[in-house]
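What follows is a set of notes on a single structure, which appears directly below.
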Amino acid sequence: MEFFVCPCPETGTVILDGVDQGPNKDDAGVLQAKQCNPGRHTVALRCPAGKTCVPLKRTVVIKDTDPVAPQEVAFQCV
């Protein structure tokens, strides 16, 4: 298994290859690591109502990660 996080100033919903993975942060605002298989993935972050994530989605290769050092797939909500 591989691990990634989606840092963003806002709390949003992580979408991995079109499937909802839940929020990018917990209730305390701490980033939550998500799991995936190694390889190429399309990652998106659905921001709160009225905001748009930039970029809309990212295609990344996720490999050689662990829960302590997940790969960052960053977004900004504008």
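The values are calculated or read from the model by the stated rules, or taken from the named source; none is laboratory data. As the structure is a prediction and not an experimental result, all values here were calculated from the model. Backbone-built Cβ (ideal geometry, glycine too); neighbour counts: all protein chains shown. Calculation scope for accessible area: heavy atoms of the full protein, side chains included, ligands and nucleic acids excluded. Shrake-Rupley method; radii C 1.70, N 1.55, O 1.52, S 1.80 Å.
Give me the percent relative contact order of the chain, please, defined on Cα pairs under 8 angstrom at least 6 residues apart. Don't skip to the answer; put the middle values down first.
Details: 178 pairs, mean separation 32.1, N = 78.
Taking the mean separation of contacting Cα pairs over the length of the chain, I get 41 percent.
What aspartates and glutamates could a cross-link reach from Lys51, if we take a straight Cα to Cα line under 20 Å and drop same-chain neighbours fewer than 8 places away?
Glu10, Asp20, Asp26, Asp27
DSSP loop trypsin sites (Lys or Arg not before Pro) in the chain with at most 16 other Cβ atoms within 10 Å of their Cβ, which ones?
Working: sites: Lys25, Lys34, Arg40, Arg46, Lys51, Lys57, Arg58, Lys63; in loops: Lys51, Lys63.
Answer in residue order: Lys51, Lys63.
Dipole of the chain (Lys/Arg Cβ +1, Asp/Glu Cβ -1, origin at the Cα centre): which of Thr52, Gly22, Phe75 lies farthest to the positive side?
Looking along the dipole axis, the top candidate is Thr52.
Would you list which lysines come within 16 Å of Lys25, measuring only between C-alpha atoms, while excluding same-chain residues fewer than 8 positions from it?
Lys34
What is the list of residues in the range 55-78 whose amide nitrogen lies under 19 Å from a point 7 angstrom out from the Cα of Asp17, following Cα to Cβ?
The answer is 57-67, 71-73.
Read through the labelled values (i) 14; (ii) 70; (iii) 26 and report the label of the one computed as percent of Cα pairs over 22 Å apart from the structure.
(i)
So how exposed is Glu2, as accessible area in Å² (1.4 Å probe, rounded to 10)?
Around 20 Å² of this residue is reachable by solvent.
Report the charge-dipole magnitude of the chain in Debye, nearest 20, computed about the Cα centre from +1 at each Lys and Arg Cβ and -1 at each Asp and Glu Cβ. Before the final figure, lay out the partial values.
Working: 8 positive and 9 negative charges, 63 e Å.
Charge dipole, the chain, about its Cα centre: 300 debye, nearest 20.
Among the chymotrypsin sites (Phe, Trp or Tyr not before Pro) within the chain, which fall in a DSSP loop and have no more than 11 other Cβ atoms within 10 Å of their own Cβ? It would help to have the intermediate numbers written out before the result.
Numbers: sites: Phe3, Phe4, Phe75; in loops: Phe75.
Within the chain, no chymotrypsin sites (Phe, Trp or Tyr not before Pro) qualify (loop, at most 11 other Cβ atoms within 10 Å).
Under 15 Å from the Cα of Lys63, which aspartates and glutamates turn up, not counting those fewer than eight places away in the same chain?
Glu2, Glu72
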